[in-house]
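The values are calculated or read from the model by the stated rules, or taken from the named source; none is laboratory data. None of the values given here were measured: they were computed from a predicted structure. FYI the Cβ positions are ideal-geometry reconstructions off the backbone, even for glycines, and counts take in every protein chain you see.
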């Protein structure tokens with residue numbers, strides 16, 4: 001069988017050569033790079049107010065359990081010395097463009113997932129290197145030389161395995177999964193490592209006696225469909241290391257957004273406006289990372305009685321600036337104030353997307369929870 005890292009044949013046996021590159025703690029690392037006083041210290045990018053949310057955390061902060069989408073008050077409690085930095089998406093985009101130029105030096109088949117990660121198909125690389133492993137090494141070296149940032153990479157024969165591999169030796173590491181190794185590698189992992197398996201799915205799998213890829217692989221497709229519905233086919237293939245998706249430069253996605261569940265119910269206009277400001281910050285971050293532009297903004301709220309209410313506004317032109325998004329979101333909130341009862345959840349979504357980058361399967365509508 002063709003070795004993925006040293007064969008000069010292009011798909012001689014039908015296999016691709018795929019690299020997944022993922023920048024290490026990208027936003028936080030850029031802040032540490034640009035401010036020497038932050039180096040080696042726990043850093044979070046995001047709002048530090050009472051209802052702020054962490055958009056990104058440095059590895060020093062992650063040691064304390066600080067993670068993205070975590071409420072800032074929780075992060076500060078876990079790490080009292082945590083330093084908050086305001087996001088600078090203009091700088092992150094600029095660095096991302098530098099990185100993508102490095103990718104395209106090697107291949108035109110680049111599929112960005114966000115500002116800080118992408119798939120590359122190097123089955124036929126521009127420089128004729130032939131070795132996906134060598135190309136990944138060169139890319140990581142070039143990124144470090146040109147941006148002073150580190151990246152991790154995964155190399156394999158499909159996208160699913162390449163992404164799993166890039167996370168294996170983080171930060172500043174690389175992992176290669178060769179043909180014939182995919183199924184064994186996947187089945188040795190906890191199911192939580194599978195893209196698309198979030199906390200709720202993991203909890204359900206635990207109840208069903210599934211904790212590893214091997215446990216999942218032992219279930220037939222009928223059993224999986226009976227328990228996981230439309231998610232079953234993906235799980236069946238993933239547990240066997242199978243992924244036939246090609247690397248594509250772009251893909252239209254239905255929506256991008258996020259929602260926040262509160263530790264206590266909110267009702268006053270001032271609290272709701274303050275909370276909305278923080279949600280706008282973090283959701284616009286997701287939109288920026290996905291490089292998405294859309295025309296519809298939807299405000300979603302869940303009342304204390306668990307009824308869900310939403311209101312949307314569609315513009316004639318795509319929303320490309322944060323100020324536009326903010327104006328739409330705030331006008332939607334003002335239209336429904338005062339609320340008939342307190343709420344326990346608020347969310348924002350941008351949809352009718354004009355263009356967005358591909359994303360791994362998380363939720364069908366690409367929503368991200370800001371718990």
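Summary table
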| read-out | value |
| --- | --- |
| Selection count, the range 217-232, where residues are closer than 24 Å to residue 166 by Cβ and either at pLDDT below 95 or touching a strand residue (DSSP E or B) at 6+ places or on another chain (Cβ under 7 Å) (or both) | 1 |
| Given (1) touching a residue at least 60 places away in the same chain (Cβ under 8 Å); (2) more than 24 Å from the chain's Cα centre (by Cα); (3) crowded, with 19+ Cβ neighbours inside 10 Å, index of the condition residue 287 fails | (2) |
| Residue in the range 220-231 that is farther than 27 Å from residue 70 by Cβ, crowded, with 18+ Cβ neighbours inside 10 Å, without any contact (Cβ under 8 Å) to a residue 60 or more places away in the chain and not assigned by TED's automatic domain parsing to the domain that holds residue 347 present | yes |
| Residues being within 26 Å of residue 91 (Cβ to Cβ) and modelled with pLDDT under 85 - total across the range 255-276 | 4 |
| Considering residues of the range 296-336 that are surrounded by 15 or more Cβ atoms within 10 Å (Cβ to Cβ), under 26 Å from residue 100 (Cβ atoms) and in contact with a strand residue (DSSP E or B) (Cβ under 7 Å, 6 or more places away or on another chain) only, the residue modelled with the highest pLDDT | 325 |
| Top-ranked residue in the range 85-125 [being more than 18 Å from residue 157 (Cα to Cα) and part of a loop (DSSP other than H, G, I, E, B); ranked as modelled with the highest pLDDT] | 116 |
| Only listed residue being surrounded by 15 or more Cβ atoms within 10 Å (Cβ to Cβ) and at pLDDT 95 or above, chosen from 21, 54 | 21 |
| Residues of the range 141-170 classified as touching a residue at least 40 places away in the same chain (Cβ under 8 Å), more than 16 Å from the chain's Cα centre (by Cα) and either assigned to a loop (DSSP other than H, G, I, E, B) or within 15 Å of residue 106 (Cβ to Cβ) (or both), total | 9 |
| Residue check for residue 138: in a helix (DSSP H, G or I) and over 30 Å from residue 284 (Cα atoms) | yes |
| Residue within the range 196-205 that is exposed (fewer than 15 other Cβ atoms within 10 Å of the Cβ) and modelled with pLDDT of 95 or more present | no |
| Given (1) closer than 16 Å to residue 22 by Cβ; (2) in contact (Cβ under 8 Å) with a residue 40 or more places away in the chain, index of the condition residue 182 fails | (1) |
